[in-house]
Each structure stands twice: as C-alpha cells, then as structure tokens.
Amino acid sequence: MWVGRILPERHIDMKDFNQRAISDTAREVLKTIKEPQRRAILENFIEHAESECTGDYDRLIASCSSKSQTYAVYGASEAIAEMQPKSVEEMKDFYRVLVESNVYMIHGEIEKLIVGDHDLYVEIILHQLYPGEVLPMAFGVEFGEEGEVWQLTQRVATVFCFDDENKGCAEHSWTDGPTKPEWLRKEDPRSVPAQFWNNPVTGPRKKPF
C-alpha cells in the first residue's frame, strides 16, 4: 500500500491527533489481504502499534516475541541509537520507560506499508508528544520545562521482523537524521488529548492550567 504521494513533514493540529491513526490505516490494508500468513503478520503489527500508541503496556508486551528482540535506529543521535533494546528483558524495560515518561502518544501518517511473510515495512510521518522536561535528556536541546507539551514531527521508516509464532522480534528504523530543534513545536497544553495528563502506568500528571 502506498498513498500515491510523498507526505509533507509538517506538524499537525491537535484536533487531528489520533493515537490509532496507524492501526486504523493498517486495518484498512488488512481488508485487502487474503493470505493467512501475511494477515497474521499485519494483525500483530496492528496490535503492537495500537497498544504502544495508547500506552497499554501489558497488551504491548504481549504483542512482542518472548524468544528474542533486536532493535536499532539508523540516522538518529548516538544516544538514541545506544538505548535501543537488544534482549527481551531490555525490550520490556524500554517500553515501560516509554510509557512512564509519557512519550508513548503517537499519531503516525502512513505513507507506505508493505507486508511480507515474515517482515513488514512501514514508512510514516511521525507526530509524537513529549513533556517539556524530557527534551533536554532525549535530544540534548537547551529548552523544555515541566508542564510544557511539544510535538515532534519527522519521517521514520521501520522494518518489523517476526518469529515463528508471528510475534514481533525486531524493529530496525531509519530516520532523516538526529532530531533538530525545528522539528519540535510547543503546543497549548489545553489542546492535547486528555490522556496526556493521566498516564496509564503512573497515574494523573500535574497540569499547568
């Protein structure tokens, strides 16, 4: 599946932010696939994407292989590349930190989605919400404070690999370089989804309003 055009890398309005954008599009693609093996691969991807973007930690881990895990990010900063998990236990810790730090809220605009028998390729324009206080540590920038909400927008391409039970066992991603300050836009904290202020693992977060 290809949308037929190159999607622009521009921030989206918060009224359009949809944490199920990736899984919604993938479900439409699923309707066109008849082969059982390819359907199984895509069904797992849908489960994984939806649970990650909504912060459903237990469901997210259940979508992942318990046999092995290998993650990599090419083109990102050295710090981001080094923090990618290389084992099942590291994967569990990685996703717990992702949810607890409140950076799991993602709207992804799918440009390309290719489903194979054991691998899946997806290319998206990523829109990810970040608490302000996370930015300096995550991206090395000199701005960002508690109570702020920032939207990161960038192109990301990822190859997902699956084990013999069709559970995700690897994610290898490519980005268009280390995060630049202009890829981050400060949002009105009142405009972001209400869930941003009620973390599914740690509970309610302090609002600046």
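The values are calculated or read from the model by the stated rules, or taken from the named source; none is laboratory data. All values derive from a computational prediction rather than experimental measurement. Please note: Cβ atoms are built from the backbone with ideal geometry, for glycine as well, and neighbour counts cover all protein chains shown.
Among the numbered conditions (1) in a loop (DSSP other than H, G, I, E, B); (2) closer than 21 Å to ARG27 by Cα, the only one that PHE209 does not meet is (2). Within the stretch 80-102, the only residue that satisfies the criterion of being among the small types (Gly, Ala, Ser) and farther than 18 Å from HIS172 by Cβ is SER101. A count restricted to the stretch 27-46 and to residues that are within 22 Å of TYR95 (Cβ to Cβ) and touching a Lys or Arg at 6+ places or on another chain (Cβ under 7 Å) stands at 2. Here GLU109 meets each of (1) surrounded by fewer than 21 Cβ atoms within 10 Å (Cβ to Cβ); (2) touching a helix residue (DSSP H, G or I) at 6+ places or on another chain (Cβ under 8 Å); (3) touching a residue at least 24 places away in the same chain (Cβ under 8 Å) with one exception, condition (1).
For (1) over 25 Å from GLY4 (Cα atoms); (2) free of Cβ contacts under 8 Å to residues at least 24 places away in the same chain; (3) among the aliphatic types (A, V, I, L, M); (4) surrounded by fewer than 20 Cβ atoms within 10 Å (Cβ to Cβ), each residue gets a yes or a no:
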{"residue": "PHE17", "(1), (2), (3), (4)": "no, no, no, yes"}
{"residue": "LYS34", "(1), (2), (3), (4)": "no, yes, no, yes"}
{"residue": "PHE45", "(1), (2), (3), (4)": "no, no, no, no"}
{"residue": "SER51", "(1), (2), (3), (4)": "yes, yes, no, no"}
{"residue": "THR70", "(1), (2), (3), (4)": "yes, no, no, yes"}
{"residue": "ALA76", "(1), (2), (3), (4)": "yes, no, yes, no"}
{"residue": "ALA79", "(1), (2), (3), (4)": "yes, no, yes, yes"}
{"residue": "SER87", "(1), (2), (3), (4)": "yes, yes, no, yes"}
{"residue": "VAL99", "(1), (2), (3), (4)": "yes, no, yes, no"}
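Reported count of residues in the stretch 56-93, each being at pLDDT below 95 and assigned to a loop (DSSP other than H, G, I, E, B), is 4.
Considering only residues that are among the aliphatic types (A, V, I, L, M) and free of Cβ contacts under 8 Å to residues at least 40 places away in the same chain, look in the stretch 112-135 and name the one that is surrounded by the most Cβ atoms within 10 Å (Cβ to Cβ).
Here is the first cut: in the stretch 112-135, the ones among the aliphatic types (A, V, I, L, M) are 113-115, 120, 122, 124-126, 129, 134-135.
The next check asks that each one be free of Cβ contacts under 8 Å to residues at least 40 places away in the same chain; those that pass are 126, 134.
On the way: LEU126: 20, VAL134: 16.
In this case the residue turns out to be LEU126.
Cβ-Cβ distances below 8 Å connect the following pairs, each with a first residue in the stretch 163-176 that is surrounded by fewer than 18 Cβ atoms within 10 Å (Cβ to Cβ), a second residue that is modelled with pLDDT under 95 and in a loop (DSSP other than H, G, I, E, B), and a separation of six or more residues or different chains: TRP174/GLY75; ASP176/GLY75. Taken over the stretch 1-27, the criterion of being touching a helix residue (DSSP H, G or I) at 6+ places or on another chain (Cβ under 6 Å) and more than 18 Å from GLU43 (Cβ to Cβ) is satisfied by GLN19 alone.
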